[in-house]
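This report concerns only the one structure given below.
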Amino acid sequence: MADTTLMDKLVSLCKRRGFVFQSSEIYGGLGSVWDYGPLGVALKKNVKDRWWSAMVQARDDIEGLDAAILMHPRVWEASGHVAGFTDPLVDCRQCKNRFRADDPRIKGTPGQPDAQCPVCGTRGSLTEARLFNLMFKTFMGPVEESAAVVYLRPETAQGIYVNYLNVLQSSRQRMPFGIAQIGKAFRNEITPGNFIFRTREFEQMEMQFFVEPGTDAEWFERWREWRMEWHRSLGLDPAKLQWHQHAGSELAHYAKAAFDIQYQFPFGWQEIEGIHNRGDFDLGRHQEYSGKKLEYFDQAQNQRYLPYIVETSAGADRVTLTLLVDAYREEQVEGETRVVLGLLPSLAPIKAGVFPLVKKDGMPEVATRLYHDLRKQFACFYDESGAIGRRYRRMDEAGTPFGITVDGDTLSGGTVTARHRDTMQQERVGMDRVAEYIRERL
Ligand code: GAP
């Protein structure tokens, strides 16, 4: 299967089954903004819950936070985003399109007569590169003037830095400790694309770990290991995960060291999470810009210091896309193509489909009762329309690991058929054991 074909097929499945829709589709869509449908929102929630459980619930040394998207505009001056969160762009004077200056489709040097626009093909129409800030601006209050400008946050991290003392003091944590947050971020990306891989509105799952200076390199290595382990635990093909170390020129303005966890997408190896050693850049800058002391007093050692920060930053949408790409497969079954999302059962949006074999003989009533019973514990789906084979196929495409069918033997013998998504094998299970049966296999 050609790689681009796989992405096209995935986009189409996501729409057909209700994972992801184009934003404002009836108005022609909004560039690189996507909406999650019933199955997509459930899948992404499972990703976020799993992250939260590993990062906050399972640890004594990390606290949760939900900071606001809008922040004081000085935050973004201190963070370096106002001055440095930019991409060099060129405009075509002829067709009015705008490109990144390093767009590989541009022939020649922008600003020079030989440069050729990749869209309209005109020579000499491209301007010299100009810096363009990726933050979305809006206005706070009734007056649209420069004094009222606020930004939609381009990363969730800054909400953690400005709250670090509040969390430290209220939770009575000690160094080293972390703060974790899941939330929306916005970037006016110039070359967005590849479905939900790079979008203008997305969700980040970020954790900032505050440590004593000098211990940062050690913590950085630990977090690298733990985060890779977490991605492997999602059931991803380990051969499609790798590290990418940022060379000096690639490093973000705040980073002393950075590694990306990359996944091999159909469009190449790409970042799904960044692990950064941010040193004391962020707290140092916020201390300077706010005029407030942000040092930590270490009682045991009787010393003050500005903590260093090790950051782990993953995109919830990117991890969701990774799961979808990794799980998608096609098989030939009895001359027909079966599309399956082989998601890890615990991540699947629906855990079990419940079906009456036929719509008569009391089967729908028994199946409905079973469905109402099961949905108290698991996300389930009831379906009585169409041939049973088609109902199974619909659930295969949704990634549902179990199909539970009420048939003639249920009425006489009290057992149902449990069908497995991956093997398509079926076995008989007592009606009263179905919940336990599913739970054991999640
Ligand atoms: N606080 C550090 C930070 O934001 P980043 O490497 O710019 O670092 C971290 O972003 C993660 O956020 C990325 O690995 C990716 O998963 C996600 N991300 C960044 N930009 C994105 C976009 N435009 N669309 C979707 N996800 C994005």
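The values are calculated or read from the model by the stated rules, or taken from the named source; none is laboratory data. No experiment lies behind these values; they were computed from the predicted model shown. FYI the Cβ positions are ideal-geometry reconstructions off the backbone, even for glycines, and counts take in every protein chain you see. Accessible surface is based on the protein model in full, side chains and every heavy atom, while ligands, DNA and RNA are left aside. Shrake-Rupley method; radii C 1.70, N 1.55, O 1.52, S 1.80 Å.
Observations, loosely collected:
- Condition met for residue 401 (under 18 Å from residue 436 (Cβ atoms), within 31 Å of the chain's Cα centre (by Cα) and either among the aliphatic types (A, V, I, L, M) or at pLDDT 95 or above (or both)): yes
- Condition broken by residue 135, with the remaining ones in (1) open to solvent by 60 Å² or more (accessible area, probe 1.4 Å); (2) within 16 Å of the ligand (Cβ to nearest atom); (3) without any contact (Cβ under 8 Å) to a residue 60 or more places away in the chain satisfied: (1)
- Applying the set (1) buried (at least 18 other Cβ atoms within 10 Å of the Cβ); (2) within 23 Å of residue 202 (Cβ to Cβ); (3) within 16 Å of the ligand (Cβ to nearest atom) to residue 184 leaves exactly one unmet item: (1).
- Total residues in the range 74-91 satisfying the condition of being open to solvent by less than 40 Å² (accessible area, probe 1.4 Å), modelled with pLDDT of 95 or more, more than 19 Å from residue 251 (Cβ to Cβ) and not aliphatic (A, V, I, L, M): the figure is 1.
- Taking the listed residues 145, 128, the one that is surrounded by fewer than 18 Cβ atoms within 10 Å (Cβ to Cβ), over 30 Å from residue 273 (Cβ atoms), without any contact (Cβ under 8 Å) to a residue 24 or more places away in the chain and not aliphatic (A, V, I, L, M) is 145, with no other qualifying.
- Sole exception among (1) crowded, with 21+ Cβ neighbours inside 10 Å; (2) away from the ligand (no atom under 16 Å from the Cβ); (3) over 27 Å from residue 442 (Cβ atoms) for residue 362, by number: (1)
- Any hit, the range 265-273, residues being touching a strand residue (DSSP E or B) at 6+ places or on another chain (Cβ under 9 Å) and in a helix (DSSP H, G or I): no
For every residue, the table says whether it meets (1) free of Cβ contacts under 8 Å to residues at least 12 places away in the same chain; (2) open to solvent by 50 Å² or more (accessible area, probe 1.4 Å); (3) within 16 Å of the ligand (Cβ to nearest atom); (4) more than 30 Å from residue 20 (Cβ to Cβ).
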{"site": "211", "(1), (2), (3), (4)": "no, no, no, yes"}
{"site": "230", "(1), (2), (3), (4)": "no, no, yes, no"}
{"site": "236", "(1), (2), (3), (4)": "no, no, yes, no"}
{"site": "244", "(1), (2), (3), (4)": "no, yes, yes, no"}
{"site": "272", "(1), (2), (3), (4)": "no, no, yes, no"}
{"site": "279", "(1), (2), (3), (4)": "no, no, yes, yes"}
{"site": "283", "(1), (2), (3), (4)": "no, no, yes, yes"}
{"site": "290", "(1), (2), (3), (4)": "no, yes, no, yes"}
{"site": "296", "(1), (2), (3), (4)": "no, no, no, yes"}
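- Test: residue in the range 149-161 that is within 16 Å of the ligand (Cβ to nearest atom), on the phi < 0 side of the Ramachandran plot, open to solvent by 40 Å² or more (accessible area, probe 1.4 Å) and at pLDDT 95 or above: yes
- Exactly one residue among 304, 278 is within 26 Å of the chain's Cα centre (by Cα), of a type in the set (Lys, Arg), modelled with pLDDT of 95 or more and assigned to a strand (DSSP E or B), and that residue is 278.
- Taking the criterion of being buried (at least 20 other Cβ atoms within 10 Å of the Cβ) and farther than 14 Å from residue 392 by Cα, the residues of the range 328-344 that qualify are 328, 343.
- Under the condition of being among the acidic types (Asp, Glu) and crowded, with 17+ Cβ neighbours inside 10 Å, the residues counted in the range 213-228 number 1.
- Residue count for the range 92-110 satisfying the condition of being open to solvent by 100 Å² or more (accessible area, probe 1.4 Å) and over 30 Å from the mean Cα position of the chain (by Cα): 4.
- In the range 386-397, the residues that are under 19 Å from residue 342 (Cβ atoms) reach residues that are open to solvent by less than 40 Å² (accessible area, probe 1.4 Å) and of a type in the set (D, E, K, R) with C-beta atoms within less than 6 angstrom, at least six apart or across chains, in these pairs: 391/383; 396/421.
- Test result for residue 256, away from the ligand (no atom under 13 Å from the Cβ), open to solvent by 60 Å² or more (accessible area, probe 1.4 Å) and at pLDDT below 95: yes
- Listing of strands (runs of 3 or more DSSP E) fully contained in the range 39-131 that carry 1 or more residues being of a type in the set (Asp, Glu): 62-65, 86-91
- Residue list for the range 15-37, filter: within 25 Å of residue 330 (Cβ to Cβ), in a helix (DSSP H, G or I) and either free of Cβ contacts under 8 Å to residues at least 40 places away in the same chain or in contact with a Leu (Cβ under 7 Å, 6 or more places away or on another chain) (or both): 15, 17
- Residue 192 falls short on exactly one of the conditions (1) at pLDDT below 95; (2) away from the ligand (no atom under 16 Å from the Cβ); (3) of a type outside the set (Gly, Ala, Ser); (4) open to solvent by less than 60 Å² (accessible area, probe 1.4 Å), and that condition is (2).
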